[in-house]
Amino acid sequence: MIQSAPPPYEVRCPLHGSIPLNERERAIIDHPFYQRLRSISQLGFSSLVYPGATHNRFSHGLGVMHLAGRIFDQIVSNSPQVLSRLEAAGTLAYCRQIIRFAGLLHDIGHPPFSHSFEPLLPRRGGLPLPADWYGRSEPEAQASHEDYSVALVHALAEEPGGPLSMEEARDIGGLIHDAVLPSPGLTGLGGEAEFNIFPLMKQIISGEIDADRMDYLRRDAYFAGVAYGYFDLDRLVSALSCVSTPVGLVMALEQNALYTYENFLMTRFHMAMQVYLHKTVLVFDHFLHRAVESGEIESRLERDLEQFLCAREDTIMARLH
């Protein structure tokens, strides 16, 4: 377990209890880029079917940050021999902080109504993206919320006296976007290729057993008022470790927790069928797309970050009515 000073702040969460924060994490949370997520609904139009599902991306990011740090700590505790060289070099603390930052910021680029609006985003080529971060640029590809997240994380690092260094921002970008390459400093931490910690960090943020899914399944079920999203979170986290492979460190699951993982997979399926792909929600998504594409509603997202940050769900809903 990584030892550190007690965090100076905490925030209460209905799922995770007290979530500790340090000074830098609070600075990011207080930033207007992150505060915008208070007005971005987690489930788009799902609240029209499940009235309690009015939660937002702001609280989800806090939950993912907390779980990402918790998973990382558990893997370190369960894999002391594999991670001992990184701990001796004093680099685990950096990795843990980047993991928490990435969990906090992974959805910062979501547009209004989250995934419902994503098919309406412009092409990637016009966004203010750091081209040298991308292994493949694909400017004609449609932008995703991950592209906007990378653009906003990069903008945070560019601010004078901002909360992130440029190297930290690039490493965060590498964890939240598949096309972004992390800094050479991060991929070289373990020395030999089989001790490259980046693949493990990537799995914690976006893998088959990741902090993102763990949080949104439980959170969405809680606020929607359904039982489909419940699984044994504590058992699943406690069973995680890592192993060394030719491509680097990767996540491992204790064999005795196989049924817990199967339940986790079934939870994803049931939530998709009953909540995320509910027929009424899909109908509202369809008419939103038609309204924007026909010009009935002006989206004002364009490719400018300032316009993107000003886009509001309440304004769009008023036009839909």
field: Yes/no for residue 261 being in contact (Cβ under 8 Å) with a residue 40 or more places away in the chain, assigned to a helix (DSSP H, G or I), open to solvent by 10 Å² or more (accessible area, probe 1.4 Å) and not small (Gly, Ala, Ser)
entry: yes
message: Here's a check for you: in the stretch 165-210, which residue that is in contact with a His (Cβ under 8 Å, 6 or more places away or on another chain) and closer than 20 Å to residue 74 by Cβ is surrounded by the fewest Cβ atoms within 10 Å (Cβ to Cβ)?
response: 206
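Only residues that are over 17 Å from residue 253 (Cβ atoms) and part of a helix (DSSP H, G or I): list them for the stretch 218-233, please.
218, 219, 220, 221, 222, 223, 224
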field: Filter result (touching a His at 6+ places or on another chain (Cβ under 9 Å) and buried (at least 19 other Cβ atoms within 10 Å of the Cβ)) within the stretch 47-59
entry: 50, 57
task: Would you check if there is a residue in the stretch 219-240 being free of Cβ contacts under 8 Å to residues at least 60 places away in the same chain, surrounded by fewer than 21 Cβ atoms within 10 Å (Cβ to Cβ) and polar (S, T, N, Q)?
output: no
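Just the residues that are among the aliphatic types (A, V, I, L, M) and open to solvent by less than 40 Å² (accessible area, probe 1.4 Å), please, taken from the stretch 18-46.
Going through the stretch 18-46, the residues among the aliphatic types (A, V, I, L, M) turn out to be 19, 21, 27-29, 37, 40, 43.
Once the filter is applied, which keeps residues that are among the aliphatic types (A, V, I, L, M) and open to solvent by less than 40 Å² (accessible area, probe 1.4 Å), the stretch 18-46 yields 19, 21, 28, 29, 37, 40, 43.
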message: With the requirement that a residue be outside any loop (DSSP other than H, G, I, E, B), open to solvent by 10 Å² or more (accessible area, probe 1.4 Å) and within 25 Å of residue 198 (Cβ to Cβ), what does the stretch 241-258 give you?
response: 241, 243, 244, 245, 250, 251, 252, 253
message: Is it the case, given these coordinates, that residue 15 is of a type outside the set (S, T, N, Q), touching a residue at least 40 places away in the same chain (Cβ under 8 Å) and in a loop (DSSP other than H, G, I, E, B)?
response: yes
message: Given the options 5, 89, 27, 68, name the one that is out of contact with any helix residue (DSSP H, G or I) (no Cβ under 8 Å at 6 or more places or on another chain) and at pLDDT 95 or above.
response: 27
task: Tell me, yes or no, whether the stretch 280-295 has at least one residue that is in contact (Cβ under 8 Å) with a residue 12 or more places away in the chain and closer than 30 Å to residue 66 by Cα.
output: yes
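The values are calculated or read from the model by the stated rules, or taken from the named source; none is laboratory data. No experiment lies behind these values; they were computed from the predicted model shown. Here Cβ is always computed from backbone atoms with ideal geometry, including for glycine, and neighbour counts include all displayed protein chains. Accessible surface is based on the protein model in full, side chains and every heavy atom, while ligands, DNA and RNA are left aside. Shrake-Rupley method; radii C 1.70, N 1.55, O 1.52, S 1.80 Å.
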